[in-house]
Amino acid sequence: MSNWIFRVFCVASAIVFFQCAARKTQTSLNNASTVPDAQVMEPQPVQPEKGTIKEPEPLPAEMQKRLEVAESIEHGATQYWLNQGKEILNLQCGSCHKPKNPLNYDEASWVKHMNRMVTKSKLTEDQTKYLRVYTLTLIRTGS
């Protein structure tokens, strides 16, 4: 007998549940149709107030020199490249061994060493470029 009561309860609960869900869906559909269409507005140019845009501060002389050297190594080199190169040297190269100090090498021997290690480490083309620019900049500036 209790099994029969449990089944009737489950069926009645399911019917009530599905009727409520159907009403909710129908109500939300009716409400959605009463919302007015949004107007599409053309973007207006923003005119900054006078004095609100700050001029970028000049780079320190040492950093400016590094960027000039980096540019002479690879056209388009930026501060981002140097930052990425430093990170690659410390993290990627340092994952297998203690990172070598490029200042302990002359440019030709460093390039030879780096070319050998790049193939082992499977760096991407961009990573290789950033590392090369960063390390050669260090060697050429001596710091």
* Could you list K100, K122 in order of exposure, starting from the residue whose Cβ has the fewest other Cβ atoms within 10 Å? => K122, K100
* Asked: Exposure proxy check: K98, K65 ranked by fewest other beta carbons within 10 Å?
  -> K98, K65
* Asked: If each residue's Cβ is checked for other Cβ atoms within 10 Å, how do T135, T128 rank with the fewest at the top?
  -> T128, T135
* Structure fact -> Once L91 and T119 are pulled to full extension, the length gained, defined as 0.36 nm per residue separation minus their Cα-Cα distance, is 8.5 nm
* Separation between the E71 and V111 pseudo-spin-labels, each 7 Å from Cα along Cα→Cβ, expressed in nm? -> 2.2 nm
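Values quoted throughout were computed directly from the atomic coordinates according to the rules given, and no laboratory measurement underlies them. Treat the numbers as computed from the prediction; the structure is a model and nothing was measured. Here Cβ is always computed from backbone atoms with ideal geometry, including for glycine, and neighbour counts include all displayed protein chains.
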